[in-house]
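The values are calculated or read from the model by the stated rules, or taken from the named source; none is laboratory data. Model, not experiment: these values are computed from the prediction. FYI the Cβ positions are ideal-geometry reconstructions off the backbone, even for glycines, and counts take in every protein chain you see. These area figures cover heavy atoms from the full protein model, side chains too; ligands, DNA and RNA do not enter into them. Shrake-Rupley method; radii C 1.70, N 1.55, O 1.52, S 1.80 Å.
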Amino acid sequence: MKHILQQVFRSGKFVTGFSIFMAIILIVVFYPMIITDAPLSIIGQGTFFPPGIYVSVYDSLSSTTYILNLDDATTKRITNKLNDEDRVSIKEWLVAAGIPESEIDTTDTQKLLDQWFTNYDSQKNVPGMTNAKRNYYVRLNTALKSLLSPEAAAVMQVNPLNNELEQIGTINQTDYVNVGEVANIRILPLGTDNFGRDVLTELVSATRVSLQIGFVAGIIATLIGLTLGLLAGYIGGFVDDIITFITNLFIVIPPFVLLILISFSIGQEQRGAFTIAVVIGFTSWVWTARAVRSQVISLRNRDHVNLSKLSGHSIVHIILNDILPYILSYVIMAFILQISSGILAEAGLSILGLGPRTTDVPTLGLMMNWAMIYQAHILGNWWAYMPVLVTIALITFSMNLMNTGMDQIFNPALRD
Amino acid sequence: MLKGYLKYFLNKLGWFALTFVFAFLLNFILPRLMPGDPVAAIVSRFAQGMSNTSGVQAIYEQYTELFGTNKPMTEQFFIYLKNVARGDFGFSFSQYPRTVADVIKSSIWWTIALQFPAIIVGWLIGNTLGALAAYLKGGFDKVLMPISLFVSNFPTFGMAVIFMVVFGVNLKWFPTSGGYGFDLIPNFSWNFIQSVIVHYQLPFWSIVVIAIGGQAIGMRSMSIYELNADYVKYSRFMGIKDRKIVGYVFRNAMLPQVTGLALSIGTMVGGALVAEIVFSYPGLGTTLLRAVLGQDYPLISAVTLIITVMALFANFIIEILYGFIDPRIKATQSD
Amino acid sequence: MANTMLEVKDLSTKYVTRFNEGVYAVDRVSLKVEEGKSLGIAGESGCGKSTLALSLMGYYFPPLHYMNGDITINGNNISGLKAEDVRKTILGKEVAYIPQAAMNALNPTRKIIHFIEDVILEHEMYVTKKDIYGRAKKLFETLGLPPEVLQKYPVELSGGMKQRTVIAISVMLLPKVLIADEPSSALDVTSQKMVIKMLKHLMEAGFISSMIFITHELPLLYNVVDDIMVMYAGQIVEKGSSHEMVFDPIHPYSKGLMGSIIVPEKGLRDVKLTAIPGVPPNLKKPPAGCRFAERCRFVRPECRVTDVAMREAEHGRMYRCIIPEAELREAYAREEHKNG
């Protein structure tokens, strides 16, 4: 056993897969200890806040202000505000006003603005310009001017004594706060989802639940498959015929269809993550049963098994001592595959709307489902679905790498 | 020889019939095994969302008649059997007053035209790549295998989402949803056909790419196994040229891949159905999603039955073809 | 003097592992087989005897690589030939091979007759399939195999039948040399006997002109071949007539090898079964000096210094040891006396 482990850990593929998988497990275990928020608590009012550091505006106002005179502050401010469409529009106007196109560079904010302010005239009519477009230019001009004006913004508050608005302070363009002194800052590395939940916290929790589903499904499928495979392979005859018949039936009937039927019949309220895991386990044992059966058949007439039979050992004894150890590597490989396919099955079910009920825990499939329903992929809100896909891919890829590594060790022909 | 094949064919046909009966039974029994009165629950759930009371009444009566819910199980089964044999699956809950048969008729061809070509193309490309990887080894193998391993473990819906985001949303090369332009009415005009072809690409290739990965890995393993077989060495030392031996090897390696396809077609179809959903492709997958969302029990039941029959039939066809490709079948069955 | 069918001089070949290490499995082997004669090669598994069998045909493909030496078959030196020429003109025609695992030596999806067609069409240009069938049928009948076998797939044949079919295919083109690598090791006793009988018959009936028979089962060799060579760690350590080799080995390793088997032959029944302690050296880095030194009970310091050459003994026998023949025989006599 120790020898086999040593061998397995010498396989580059296995070690890579194992490291990725352990890293995922470690994150899943330790992350909730550090960030203790409930994974499904809704913190954002609105959908799909992009990833980033969120700083409380209110707290910033009451923080100590520091004055920093930075040369490029204005340019940066405008660059930030002036989007690509505005730039193209400015260029259009300038070209229409007679500036040669070669002299306009939409990427050089400072120059573009200079050209704009020296040439813009709201009275001037560019041929073919609609009224709406004219109004747009007026608005743009005002917005740009206010950005450039050195005037401070006033902070007002309602005085509770007389219900009047009173100025309590001003904010100059050169005022800064130190983020460290602001009371409320929230880092959302993966933004929020359609419900306004922290995607990262949700993702870690979902990964944990999905892994649990995979494990439960894997254990159930492996146990059923192993038992049936052992019985069919070892006892043979009629028992084998029956089991092989059932196995072949379930191989050709799409397991996904069974999953759909059962999940739907159970009903939304009854469908917890655990129930789904059990259902997946009960519909995915066929491959294990098949593999175990053929392995056992090849083992059944080996000398050491015959010797054990002659010594009068019971079937249970023979199976445990003379057969199981020889097929253990296959069983473990099948188990690993079951886990990853269980995770995928849950995801598939959830996308169909037949996943675990949505109220208590997130799963990778449910997160995917939510993201799809709210069209995150079409709206470009990558943080809502991409991390989920990457996590699924990492889990299944790492498990299959482990499997391939083990396969190469146990089937030397595949080595090179 | 012919006798041997006939025997094989009849054997497979019998098996097909048997699995069909079993699948049919499962489709009937599974939903009925659940606790409670599913009919009442489903109809009442449905009725909540519906303002047309005469519609509810019609469905309720239709449903009771169709399934004979107050009759014993065996009688219910024969009623169901009779109705299904007539192609009568009752009304769709969610798309009333359309019948289930009508809904399925309008979506099944989309699925057949999408999935089976995609699975076959993926199988062909995957096997070619896998065989090349085993034969060429070296760099080609080292690049292709990790990619295949990664891709084959990726869910089909994930590939669909990525294809859609990259080629549909960002590059805008292809439309992101539907089976044809939303402003078109299905007909045989060039405009419509062109639209169908353009809409076909993304769902098709995302299924193909997933299939390629798994098949390439399987074919590579089989080919390496065959390349190391004793008959290769013996044939070489009897002076047979390498080209011919490679022919032996790939033919032999391909045979288990054909059987493998027959066995895994059920799983592949399941994955591809979800990919359809991502693209809102007007096939059975999307129909299924709508049925689930609309708690449309008759539609779900019919769609799952159709999908099962399709998978069984595909499996049957592959097995039948296999009998032609593997010469041993005819030979060993005849004695 | 009879014609020499196969002569090999100083042949060395190696395996190259996937880590690019060389395994020097055949080291400067020389041998000669004359017309009508058969030569047995014996040794423990891993001693390089199967590699030697593959190396004798002058056709190498990875992981086996040719290093140096000459192979002459029926008077033609084939070492200088291009691989493609060896394949067309030598393999199957001049020298034929029966593999160790003949059970799986035939392509499972090809009928026997089609494989025979493939083989013959590689070597003969103007021949029709009808002719081939006629020839194959005649050969099978002569060798006592039912001609119906030709129309079957390998899966339809029993193990013994498959092995005999492989042998028949190998001699289809009447090769000068037949190399049989443990052709009977996987069979039951009855099939083994049939295979041996068939091989003997092939020699007697002139289907083949000479034979090399490789096995780890020495009693089999004694019954089949005229001469025996013993191989150890890629080198020949002793050769002589089969009777001398079995009853009167000179080299300590041959002595040990003969002692480590149960031979139901008269005169050997009482010999005590002894195992040779230790394991053969790693052929990735063969030791300097005598390769058997580590396991030899007569080892002397000078054994480990330089290569030990083959030396001649009586009746043209050869052995590889620095100790003179007489001294070794004395030592054996003393041991026997001590053991009673």
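Among the numbered criteria (1) more than 43 Å from the chain's Cα centre (by Cα); (2) modelled with pLDDT under 80; (3) not charged (D, E, K, R), which one does A:LEU147 miss?
All conditions pass for A:LEU147, except number (1).
Consider region C:137-176. How many of its residues are within 14 Å of chain B (Cβ to nearest Cβ) and open to solvent by less than 40 Å² (accessible area, probe 1.4 Å)?
Residues in region C:137-176 being within 14 Å of chain B (Cβ to nearest Cβ) and open to solvent by less than 40 Å² (accessible area, probe 1.4 Å): 18 in total.
Helices (runs of 4 or more DSSP H) wholly in region B:93-205 with at least 2 residues that are open to solvent by 20 Å² or more (accessible area, probe 1.4 Å) and small (Gly, Ala, Ser) - which ones?
The qualifying helices (runs of 4 or more DSSP H) are B:100-136, B:138-152.
Could you tell me whether region C:43-65 includes any residue that is basic (Lys, Arg), outside any loop (DSSP other than H, G, I, E, B), closer than 20 Å to C:SER210 by Cβ and more than 10 Å from chain B (Cβ to nearest Cβ)?
yes
Please report, ordered by residue number, the helices (runs of 4 or more DSSP H) entirely within region A:339-416 with at least 1 residues that are in contact (Cβ under 8 Å) with a residue 24 or more places away in the chain and over 25 Å from B:VAL292 (Cβ atoms).
Here the list reads A:382-410.
Would you confirm, using the coordinates I've provided, whether C:GLN192 is polar (S, T, N, Q), over 23 Å from C:ASP131 (Cα atoms), open to solvent by less than 10 Å² (accessible area, probe 1.4 Å) and part of a helix (DSSP H, G or I)?
No: the conditions fail for C:GLN192.
Just give me the residues in region A:305-317 being hydrophobic (A, V, I, L, M, F, W, C) and either in contact (Cβ under 8 Å) with a residue 40 or more places away in the chain or exposed (fewer than 14 other Cβ atoms within 10 Å of the Cβ) (or both), in sequence order.
A:LEU307, A:LEU310, A:ILE315, A:VAL316
Can you pull out every residue in region B:259-278 that is open to solvent by 10 Å² or more (accessible area, probe 1.4 Å) and more than 10 Å from chain A (Cβ to nearest Cβ)?
B:THR259, B:GLY260, B:LEU261
Six or more apart or on different chains, Cβ under 6 Å: which pairs go from a residue in region C:100-119 that's on the phi > 0 side of the Ramachandran plot and at the interface with chain B (Cβ under 7 Å from one of its Cβ atoms) to one that's at pLDDT below 85 and open to solvent by 30 Å² or more (accessible area, probe 1.4 Å)? Could you list them?
none
Within region A:323-336, can one find any residue that is within 23 Å of A:GLN7 (Cβ to Cβ), of a type outside the set (Phe, Trp, Tyr), buried (at least 24 other Cβ atoms within 10 Å of the Cβ) and within 14 Å of another protein chain (Cβ to nearest Cβ)?
No, every residue in region A:323-336 fails to be within 23 Å of A:GLN7 (Cβ to Cβ), of a type outside the set (Phe, Trp, Tyr), buried (at least 24 other Cβ atoms within 10 Å of the Cβ) and within 14 Å of another protein chain (Cβ to nearest Cβ).
Go through region A:362-379 and give me each residue that's among the β-branched types (Val, Ile, Thr) and surrounded by fewer than 20 Cβ atoms within 10 Å (Cβ to Cβ).
A:ILE373, A:ILE378 - these are the residues of region A:362-379 that are among the β-branched types (Val, Ile, Thr) and surrounded by fewer than 20 Cβ atoms within 10 Å (Cβ to Cβ).
Within the bounds of region A:350-367, is there any residue that is over 23 Å from B:ILE277 (Cα atoms) and of a type in the set (D, E, K, R)?
yes
Can you tell which of B:ARG328, B:ARG290 is modelled with pLDDT of 85 or more, charged (D, E, K, R) and in a helix (DSSP H, G or I)?
Of B:ARG328, B:ARG290, the one residue that is modelled with pLDDT of 85 or more, charged (D, E, K, R) and in a helix (DSSP H, G or I) is B:ARG290.
Could you count how many residues in region C:306-340 are over 27 Å from the mean Cα position of the chain (by Cα), at pLDDT 80 or above and open to solvent by 90 Å² or more (accessible area, probe 1.4 Å)?
2
Determine whether region C:80-95 contains at least one residue that is open to solvent by 20 Å² or more (accessible area, probe 1.4 Å), facing chain B (nearest Cβ under 9 Å) and aliphatic (A, V, I, L, M).
no
Checking the condition within 29 Å of A:ILE339 (Cα to Cα) and surrounded by 12 or more Cβ atoms within 10 Å (Cβ to Cβ), which residue from A:THR201, A:THR174 passes?
Checking each option against the conditions leaves just A:THR201.
Out of A:LYS145, A:LYS124, which single residue is under 13 Å from A:ALA96 (Cα atoms) and of a type outside the set (Gly, Ala, Ser)?
Within the list A:LYS145, A:LYS124, the selection yields A:LYS124.
Tell me the residue from B:ALA302, B:ALA311 that is at the interface with chain A (Cβ under 9 Å from one of its Cβ atoms) and farther than 18 Å from B:ALA160 by Cβ, please.
B:ALA311
Among the candidates A:ASN194, A:ASN184, which residue alone is open to solvent by less than 70 Å² (accessible area, probe 1.4 Å), polar (S, T, N, Q) and touching a helix residue (DSSP H, G or I) at 6+ places or on another chain (Cβ under 9 Å)?
A:ASN194
Name the residue, out of A:LEU113, A:LEU94, A:LEU40, A:LEU82, that is in contact with a Lys or Arg (Cβ under 8 Å, 6 or more places away or on another chain) and open to solvent by less than 60 Å² (accessible area, probe 1.4 Å).
A:LEU40
Answer yes if at least one residue in region B:240-249 is within 14 Å of chain A (Cβ to nearest Cβ), out of contact with any strand residue (DSSP E or B) (no Cβ under 6 Å at 6 or more places or on another chain) and either part of a helix (DSSP H, G or I) or free of Cβ contacts under 8 Å to residues at least 24 places away in the same chain (or both), and no otherwise.
yes
Could you count how many residues in region B:225-234 are within 7 Å of another protein chain (Cβ to nearest Cβ) and either open to solvent by less than 10 Å² (accessible area, probe 1.4 Å) or touching an Asp or Glu at 6+ places or on another chain (Cβ under 9 Å) (or both)?
Count: 2.
Going through region A:328-376 one residue at a time, which ones are acidic (Asp, Glu) and closer than 24 Å to B:GLY285 by Cβ?
If the condition is that a residue be acidic (Asp, Glu) and closer than 24 Å to B:GLY285 by Cβ, then A:GLU346 is the only one that fits.
Quick test for you: out of A:LEU366, A:LEU352, A:LEU344, A:LEU389, pick the one residue that is of a type outside the set (Gly, Ala, Ser) and more than 9 Å from every other protein chain (Cβ to nearest Cβ).
Result: A:LEU366 is the single residue among A:LEU366, A:LEU352, A:LEU344, A:LEU389 that is of a type outside the set (Gly, Ala, Ser) and more than 9 Å from every other protein chain (Cβ to nearest Cβ).
Just to check your reading of the model, which residue among B:VAL151, B:VAL161 is closer than 25 Å to A:LEU366 by Cα, touching a His at 6+ places or on another chain (Cβ under 8 Å) and touching a residue at least 24 places away in the same chain (Cβ under 8 Å)?
B:VAL161
Taking region A:1-28 on its own, how many of its residues are free of Cβ contacts under 8 Å to residues at least 12 places away in the same chain and among the hydrophobic types (A, V, I, L, M, F, W, C)?
So the answer is 6.
Check region A:28-35 and report whether any residue there is out of contact with any Phe, Trp or Tyr (no Cβ under 6 Å at 6 or more places or on another chain), assigned to a loop (DSSP other than H, G, I, E, B) and within 30 Å of A:ILE392 (Cβ to Cβ).
Yes.
What single numbered condition from (1) more than 16 Å from the chain's Cα centre (by Cα); (2) open to solvent by 10 Å² or more (accessible area, probe 1.4 Å); (3) farther than 30 Å from B:ALA133 by Cα; (4) more than 8 Å from chain A (Cβ to nearest Cβ) fails to hold for B:PRO327?
Failing condition for B:PRO327: (3).
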